[in-house]
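Have a look at the structure below before the remarks.
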Amino acid sequence: MSAFTGTGTMIRFILRRDRIRLSVWTLALVGTTAVTVPTLDEAFPDEESRQARAALMDTPTGVVFGGPGYGLDDYSLGPMLVNELTASLLIALAVLSILHVIRHTRAEEESGRAELLRANVLGAGAQSTAALVTLTLVNLLIGGLIALSIIAFDMPVADSLAYGLGLALAGISFGAIAAVCAQVSEHGRTTSGLSFLVVGLLFMARVVGDLAEQGGGLASWLSPFAWVQQTRPFVDLRWEPLALYGAFLVVTFAIAHVLAGRRDLGSGLVATRPGPVGAGRLLRGPTTLHLHQQRGSIITWAIAVALFSFAFGTLATEIQGMLEANPDIGVILGGDVDDAVGGFLAVITAYVVMAGATFGALSVLRVWSEENAGRAELVLSTAVGRAHWFGGVLVVATSATVFIVMVGGLGLGLGASVAIEDFEWVWRMVEASLAQLPGALGFVALTALVLGLLPRLTFLVWLWLAYSALTTMLGALLGFPDWAMNLSAFEILAKPPMDEFEVGPYLLYLGAVLSAGAVSLVGFRNRDLVTA
Amino acid sequence: MSVPAIEARGLDKYFGRFQALDELDLTVDSGQVAGFLGPNGSGKSTTIRILLGLLRADSGSVRLLGGDPWKEAVALHRRLAYVPGDVSLWPNLTGGQAIDLLGRLRGGLDDRRKKTFLERFELDPTKKARTYSKGNRQKVALVAALSSTAELLILDEPTSGLDPLMEAVFTECVREVKEEGRTVLLSSHILSEVEKLCDTVTIIRGGRTVESGTLAELRHLTRSTVRAEVEGDPSALEGLTGVHDLSIDGRAVVFAVENDHMGSVLSELATLGARSLVSNPPSLEELFMRHYGDDLAARGAAGEIDGRERA
């Protein structure tokens, strides 16, 4: 029996298990592209509007979500769609690929299902190989269909194919990163955290490099996020940058393979050590138990947000530089240099709040996983009341969300202060983060409300969070109408330091958050516990 | 005490359209060890969760230690300890941490008792819960429950993951609990365990109580197995009232007899000139089979497994 015996069966098995999941991802990504191309074409029908758009894409926020900016001087449909779609497509492909790889490697080992399969005639490498083969297939399929959907709009065939192939290779690369991370830790959760952290840093590298110079600096060239756009499709096509993906994949797969050979099934490179004989003094109530359970993820999120926000904060000088080099941008953004820096930092604060909202929702959702695992049953069979237990989750989720958002504000402020040597920004950004904080707390309350009343509707939380994040990130760029923008949870309150802080709406929002929390407690007290 | 530790009358519980409990009755007197028997999906765990106030019955009445388990959950839970059928623990806590935590959440824990039970169950408390097998996770919950001084223990199939040695330790522990005058509700399919430990037994099926009483009472209702060798012609036993499933092999006979008719059967055997006689009281196994026998036969015939999975 070779290490790969049974790979074919496993491939078919994965495709069967994930047929719906993968189809939805494919349809969503290809559909988004197919819809965006004509939308962009109609939204910017003439030369003038396209150049105005190009100028907007040359601003810092434009660069963050646009890229190195090829073709901005003659902004036709091709460069436009590459500039405006690539970042979102790559982020989506990264999420898809990372989750796919972990789902079929580490999560299988952790659950013990891998053991069940490996006891049969199945080679040691079959499962991971099958996971990577299916990863490749789905990315190539998505990349290929995206290329076709672009070709359908009479765009040059070679450029479209290069773009589609680039996207696919980038997706596979993100999956390969997850394959390496899956070797390190025994847990699916830690693995995904680690993978997203690495991919997040690679995204930052691209942003830093692209802001440093048009066409992308050295930092940008270190990141798989950049290489798709470095083929310069629809501007000045070159295939060579795609070779970087090849090299990257060979190296990462080799690392994953070597690491996999050094460990047993189910174990990680980082071994589990024996722990304490008894519980410490702090571990004595439901709230401290929740805190103990979430400690790791709170710290990880805070560090990630701190790094992200500090890095973005330091970009403040780039904005100053850009404005000095190109006063036209100042006209577009309106106002003076400080306003432009404030505007940029306000937008990044909104991203920090989005991270806070995501963490907050995940944190409250622990209720659901504790119930389903049967651990809630165990705790609630002791002298712990339901309101106490559920309230404990809310206390932990809320405090941690406030902490993470404030860390983000502090990071932005410190970054900006260090860069422009004006320490006013520290306090200004902490203030700004607190002003935008209810946007995150709203999701804590909403998740609690859903879990307390109708836990089956949890998907609504994610739906609204995804919608809100997407509209706030891309709505302005894609020219969403006002009513669509207003439906975003992050557009309800003013965004200091760009906007003026308003007390009334702020208190109203916090009031709504508190009431939702209270209703959720009553709901949870009165419903049946979900049992395993 | 005159108040029963557990008293449930006419419990109904629906999950969507599936009826998990159908007029279920369960009574456990204070200081008794009560067996709660039924196959998977018969509603044992659902009943227990109602007793714990985790689920609310759709109709019927429940009293637990004299209180309402839904409204007075916290106060009642100080007086009981529970071991779930499928124990799941916090993967990053060690067994020792989990035991301490559960004890503290219950309102205090006796360190000496904990130490003794850890030794008796041979449990390593320094291992992280994720590395524990099912049996070891069960031991964690058992040690936590037994270390408490709760007056009521509710144990849902507590030995399903334990090896025979540990089962013996468990049996010993429950006997001690009983000697201390505490009440135990023990749900199980391990019949020998219930036979060894329980004063009363309640058998449920399809969410409905089909039999309950002391073991002696239940045996009274059923048949004993008799093996005998006789000198005369054993076919005289055929057609005798109360005799069932007679099989004759030369002079040796095996049959089942209703306990009410044992007297007349014995005198007939005496007439036939019995040379040897062995009579076994019905085991719980047989009681159980009588209530599920047709179910098992139907399954065997159809060659399929009952699809109901809710426990």
Translational diffusion coefficient, Stokes-Einstein: compute it for the stretch B:184-258 using the Kirkwood radius over C-alpha pairs as Rh, at 25 °C and 0.890 mPa s, and state it as an integer in µm² s⁻¹. 164
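How would A:THR287, A:THR26 line up by accessible area, probe 1.4 Å, largest first? Before the final figure, lay out the partial values.
On the way: A:THR287 45, A:THR26 15 Å².
Sorted by accessible area, descending: A:THR287, A:THR26.
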Points 7 angstrom from Cα along the Cβ direction at B:ARG56 and A:ALA512: gap in nanometres? 2.9
By how many nm would the segment from A:ARG527 to A:SER111 grow when fully extended, if each residue of separation counts as 0.36 nm and the alpha-carbon distance is taken off? 146.8 nm
Contact order normalised by length for the stretch A:3-106, with contacts defined as Cα pairs under 8 Å and 6 or more residues apart; what percent is it? 24
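Ranked from highest to lowest mean number of other Cβ atoms within 10 Å per residue, what is the order of the peptides B:57-68, A:124-135, B:202-213? Show your work: numbers first, answer last.
Working: B:57-68: 17.1, A:124-135: 21.9, B:202-213: 20.0.
Going by the mean number of other Cβ atoms within 10 Å, highest first, we get A:124-135, B:202-213, B:57-68.
What FRET efficiency comes out for the pair A:VAL277/B:SER279, r = Cβ-Cβ distance, R0 = 60 Å, nearest 0.05? Intermediate results must be reported in sequence, preceding the final value.
Working: r = 53 Å, r/R0 = 0.89.
Calculated value: 0.65.
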With every protein chain left in place, what is the accessible area of B:ASP100 in Å² (1.4 Å probe, nearest 10)? 10
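How many Å² of accessible area per residue for the stretch A:168-211, probe 1.4 Å?
Details: 1130 Å² over 44 residues.
About 26 Å² of surface per residue is accessible.
Sort A:HIS292, A:HIS388, A:HIS257 from largest to smallest accessible area, using a 1.4 Å probe on the heavy atoms of the protein chains.
Numbers: A:HIS292 35, A:HIS388 100, A:HIS257 130 Å².
The residues order as A:HIS257, A:HIS388, A:HIS292, largest area first.
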Cut-off 20 Å, label 7 Å out along Cα→Cβ of B:THR214, residues of the stretch B:24-58 by amide N: B:26-37
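How big is chain B by the Kirkwood estimate over distinct Cα pairs, in Å?
Numbers: mean 1/r = 0.0464 Å⁻¹.
After inverting the pairwise mean of 1/r, the radius is 21.6 Å.
Using only the Cα atoms, work out Rg/Rh for the stretch A:430-532, with Rh taken as the Kirkwood radius, to two decimals.
Working: Rg = 15.6 Å, Rh = 15.0 Å.
Radius of gyration relative to Kirkwood radius: 1.04.
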Once A:VAL198 and A:PHE4 are pulled to full extension, the length gained, defined as 0.36 nm per residue separation minus their Cα-Cα distance, is 67.0 nm
The protein assembly as shown, accessible surface, carbon-and-sulfur percent (1.4 angstrom probe): 59
When the solvent-accessible surface of protein heavy atoms is calculated with a 1.4 angstrom probe, in what order do A:TYR467, A:TYR506 fall, highest first? A:TYR467, A:TYR506
Please report the base-10 log of the normalised intensity I(q)/I(0) for the stretch A:1-48, using a Debye sum with one equal scatterer per alpha carbon and no solvent, at each q in 0.17 (1/Å). -0.67
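Based on the alpha-carbon set only, what is the convex hull volume of the protein assembly as shown divided per residue, in Å³? Numbers along the way, then the final one.
On the way: hull volume 168.6 nm³, N = 843.
In the protein assembly as shown, the Cα hull volume divided by residue count equals 200 Å³.
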Taking 51 Å as R0, compute the FRET efficiency from the Cβ-Cβ separation of B:THR131 and A:VAL35 and round it to 0.05. 0.55
Using a 1.4 angstrom probe and counting only protein chains, how large is the accessible area of A:THR300 in Å², to 10? 70
Taking square-rooted eigenvalues a ≥ b ≥ c of the alpha carbon gyration tensor, is the stretch B:80-168 rounded, prolate or oblate, where a/c under 1.5 means rounded and, failing that, a/b exceeding b/c means prolate? rounded
Distance between modelled label sites at A:ALA243 and B:ASN92, nm, 7 Å Cα→Cβ extension: 4.5
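How large is the Kirkwood hydrodynamic radius of the stretch B:1-67, in angstrom, based on all distinct alpha carbon pairs?
Numbers: mean 1/r = 0.0814 Å⁻¹.
After inverting the mean inverse Cα-Cα distance, the result is 12.3 Å.
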Using only the Cα atoms of the stretch A:342-426, each taken as one equal point scatterer with no solvent, compute I(q) by the Debye sum, divide by I(0), and report log10 of the ratio at q = 0.12, 0.20 Å⁻¹. -0.50, -0.87
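Looking at the P(r) of the stretch A:284-532, how many percent of alpha-carbon pairs lie beyond 30 Å? Could the numbers behind the result be given before it?
On the way: 9762 of 30876 pairs.
It works out to 32 percent of all Cα pairs.
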Take chain A, mark every one of the GluC sites (Glu not before Pro) that falls in a DSSP loop and has at most 10 other Cβ within 10 Å, then report the longest stretch left between them, sites excluded. A:1-420
What do you get for the angle between helix B:111-120 and the principal long axis of chain B? Use alpha-carbon atoms, 0 to 90 degrees, nearest ten. 40
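Where in chain A are the helices, taken as whole DSSP H runs, whose Cα atoms extend 18 angstrom or more along the long axis and whose Kyte-Doolittle mean reaches at least 0.5?
Values: long enough: A:19-43 (35 Å, 0.75); A:77-104 (39 Å, 1.49); A:126-151 (37 Å, 1.87); A:157-184 (41 Å, 1.61); A:188-212 (36 Å, 1.19); A:241-261 (31 Å, 1.87); A:286-314 (40 Å, 0.66); A:337-364 (40 Å, 1.55); A:386-420 (51 Å, 1.59); A:424-436 (19 Å, 0.01); A:438-453 (22 Å, 2.01); A:458-478 (29 Å, 1.64); A:503-526 (35 Å, 1.19).
In chain A, the long hydrophobic H runs are A:19-43, A:77-104, A:126-151, A:157-184, A:188-212, A:241-261, A:286-314, A:337-364, A:386-420, A:438-453, A:458-478, A:503-526.
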Rg in Å to one decimal, and Dmax rounded to a whole Å, for the stretch B:149-227 via C-alpha atoms: 14.0, 47
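Do me a favour and compute the ellipsoid semi-axes for the stretch A:1-106 from its Cα gyration tensor, root of five times each eigenvalue, largest one first, whole Å.
Values: eigenvalues 307, 44, 21 Å².
Output for the stretch A:1-106: semi-axes of 39, 15, 10 Å.
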Which whole-number percentage describes the relative contact order of chain B, with Cα contacts under 8 Å and a sequence gap of 6 or more? 20
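The values are calculated or read from the model by the stated rules, or taken from the named source; none is laboratory data. What you see is a predicted model, and the numbers here were worked out from it, not measured in a lab. All Cβ positions, even for glycine, are placed from backbone atoms using ideal geometry, and neighbour counts span all protein chains on display. Side chains are part of the model used for accessible areas, which takes the heavy atoms of the whole protein and leaves out ligands, DNA and RNA. Shrake-Rupley method; radii C 1.70, N 1.55, O 1.52, S 1.80 Å.
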